[in-house]
Amino acid sequence: MESFKKKVGRNDIMRVLRVRPFALLMVSEFFSQLAFNMQHFVLIFVIYELTHSNTAVSGVILSFTIPALLFSFVTGVFVDRWNKKSILIVTNLLRGFFLIPFFFSDLHLGLIYTLTFLIAVATQFFLPAESAIIPKLVKKELLLAANAVFSLGIYGTTLIGYIIAGPIILLIGKTNAFIFLSILFFISTLFIIPIKMKARRKIITHEKNILPSFSAEAVEIFSFIRKTRKVMHALIMLTIAQAVIFMFAVLAPGYASTVLKIQLESLSWIIIAPAAIGMGLGAFVMGSIGKKYNRKWLSSLGFMIAGVCFVVFPFLQNVISSGLIILANSLLPAILNITILHFVVVMAVVMGFAISLVFAPSNTTIQMETDESMRGRIYGFLNALIGAVSFLPVILAGGLADLLGTVTVIIGFGIMLFMLGIFFWTFD
């Protein structure tokens, strides 16, 4: 019996991939997430190249996060009431159309922020619908594997997107890069259309109250979260993990240019891509053996490991200068000499793996502990939390990096992240 359970666990990923609607969602996710992640990197690259300011980079990150703070709970309410497949189709089309102004000429920084804001508003409908639709496509016992595959798809496309974003700009130029991204969003839509959904549960409303009562919806969600501590913990962890990613995006260009002394085009190869590889590895591990371990402890461990990585990043040059590395380089051929970039790549992989320990277990907790009728609102509330919690840290990360230096901010951030991991580990 025990061997049978282990065999089923090992085969969960293959089983979930044979579910046709879920497979179509994954193909659609590949194109939409590739466009979404490339768009982030291209915008960060273009703005930092234009301004050479960490604060300006914070601005584009805030253009994505402010709509989450303003609209995500409201959109979550509508996601619970509307057809989720239709939401995915419309929001992908809108995001593709909002990139069209980039086709024609270089845009003013303020207009870039505005268009980014509009894309983010559409994304506030897309994200809760995409996450909430998974339990409608797969059986409950396959949810962890489905979320692991879903996360692996996100991280895999993050890897590809960030690897090719810099070279794409150099190869075809900024204008054509945005045309390429728009086309990817439209292709993603084509794979959503064939997905067949189960009959949608009818929402009972009073005839004179067709529109949802947002105050009543909010009270219901807050009451549920307060009573369901597992969901509350998962929401907090996912919020902080996403804030980590945003702050990393703000600080990475400055770290690459001031500490590593590399061209920004190399950022995708040296830091972002290895981090995405680590996330993908972590997602695969979670899908294979994640059910054997406590999900809260896995997430706490992820925060602690990520915190250590941030603290170590600025000191990698000291490691290269150590006697052991100097001795090793003296014995190795010049082509195999160990440099700081090798250590940066390894640390980025480890950090990505650590973050993945948060995403898959926490998403699984939310989906297993919530009913389908409120899942969209829960994810909408999550996006609102991300916007609220990320707002100040993202501003401070860019401003403090310009004022105190990128290294100081990275170290301080790592210490706080490690302490949060310890808190979540011991908090009951």
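The values are calculated or read from the model by the stated rules, or taken from the named source; none is laboratory data. Only a predicted model underlies this, so the values are computations on that prediction, with no experimental measurement involved. Positions of Cβ are backbone-derived with ideal geometry, glycine not excepted, and every protein chain shown enters the neighbour counts. For accessibility, only protein heavy atoms count, side chains too; no ligands or nucleic acids. Shrake-Rupley method; radii C 1.70, N 1.55, O 1.52, S 1.80 Å.
So for each of 395-402, 134-141, 272-279, 28-35 I average, over its residues, the number of other beta carbons within 10 Å; can you give me the resulting order with the highest mean first? Can you show the working numbers first?
Details: 395-402: 20.5, 134-141: 16.4, 272-279: 24.9, 28-35: 23.2.
Per-residue Cβ counts within 10 Å, averaged per peptide and sorted highest first, yield 272-279, 28-35, 395-402, 134-141.
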Links that overshoot a 22 Å alpha carbon limit, given the list 85/227; 139/196; 84/230: 85/227; 84/230
Derived scalar couplings ³J(HN,Hα) [the stretch 186-191; Karplus, 6.51 cos²θ - 1.76 cosθ + 1.60; whole Hz; x for Gly, Pro]: 5, 5, 4, 4, 5, 8
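With a 1.4 Å probe and every protein chain kept in, tell me what percent of the accessible surface of the stretch 50-189 is carbon plus sulfur. Before the final figure, lay out each step's value.
On the way: 3790 of 5050 Å².
Exposed carbon and sulfur together represent 75 percent of the surface.
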Table column - 3J(HN,Hα) (Hz), the stretch 94-101, Karplus curve with 6.51, -1.76, 1.60, x for Gly and Pro: 4, 5, x, 5, 5, 7, 4, x
Integer Hz, Karplus 6.51/-1.76/1.60 couplings in order for the stretch 140-152, x for Gly and Pro: 4, 5, 9, 5, 4, 5, 5, 5, 5, 5, 4, 5, 4
Cα→Cβ-extended label distance, 7 Å offset, between residue 23 and residue 83, nm: 2.4
